[in-house]
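Please treat every number below as a calculation from the coordinates, not as lab data. Quick caveat: nothing in here was measured; it's all calculated off a predicted structure. No Cβ is skipped: glycine too gets one built from the backbone with ideal geometry, and neighbour counts run over all protein chains shown.
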Amino acid sequence: VFTQAGKDLLPSIDSILGTVTAMKNYGKAADALTGELRIAIPDTLLTYRMQPILQAFHAAALAVQLSLQMANCFTIPQRVANGTVDLGVHYDVGGYGANMVVERLQNFPLVLVASTQRDPATVNLQVNHQRLDCALITDDRESIYHKRFAAAIAERDISFPHFLEIGSVEAVKQSVISDLGVAYLPQFVVQPELDAGKLQVLPTAFAQETLTAVYIHRKNKWQSPLFREFIQTLVGAFGAE
């Protein structure tokens, strides 16, 4: 854990390392850049949104080493603040402080999904004050979308007697398809299964709920050419949609 002295010195260390990287990359085109870029990102974005972006960045900067760390959205700002990673790409959780730069990427709708085998009338979240005979499945009870869902149903006095936490979004989807329960996830995560008729969206009284994807970095962090190249690729990919 950083001491206060370590925290005070971190900007200077970043500056020194940035200068060394700049000297190594001076005059180089994007495809000749070298160095390492450390990025923290949640499972859903890394698995279901970032693959084309990573492919495009790799094609543009072949010699750059990417370190991708899967993390919960509430812990990513801490990693960026203490210098463990250079960049955070995640869902906006707020409370970043004045020393953090936060840039919006895109809004994503959230949906409650069930197997197409299930009768939607058995999971009616448009009715308050009820105890549902159905399992609620999540990949992470500390995720921002699960916390949002838990708060929404608690406010409406709706409860699920059965709870299943699985540490894999893909396993969650397969479990829902098998009708083990329902799950609340960003829509892009389950869109292929919705299109294929394997899952259905269940109506809720909070159907307009969304998450905002952002990228964050320290305000005083020196932006290397490879850092700028990645940001350009990232923003370009999200902006094109």
Discussion item. Can you return the aspartates and glutamates within cross-link range of LYS198? Criterion is Cα-Cα under 15 Å, with same-chain partners fewer than 8 residues away left out.
Written reply: ASP119, GLU170, ASP179
Worksheet item: What would the Debye formula give as log10 I(q)/I(0) at q = 0.14 Å⁻¹ for the alpha-carbon point model of the chain, no solvent?
Response: -0.93
Worksheet item: Any idea which of ASN124, HIS90, VAL182 is furthest toward the positive side of the dipole for the chain, if Lys and Arg beta-carbons carry +1 and Asp and Glu beta-carbons -1?
Response: HIS90
Practice prompt. Largest first and to the nearest Å, give the Cα extent of region 64-125 along each principal axis.
Written response: 49, 29, 19
Worksheet, complete the sentence: Diffing region 190-200: the Karplus 3J(HN,Hα) column from phi (6.51, -1.76, 1.60, θ = phi - 60°), in whole Hz with x for Gly and Pro, holds 10, 4, x, 6, 5, 5, 7, x, 8, 10, 10
Practice prompt. Using just the helices of the chain, give the 222 nm mean residue ellipticity in deg cm²/dmol: DSSP H runs with n ≥ 4 each add -39,500 (n - 2.57), and the total is spread over all residues, rounded to 500.
Written response: -11000 deg cm²/dmol
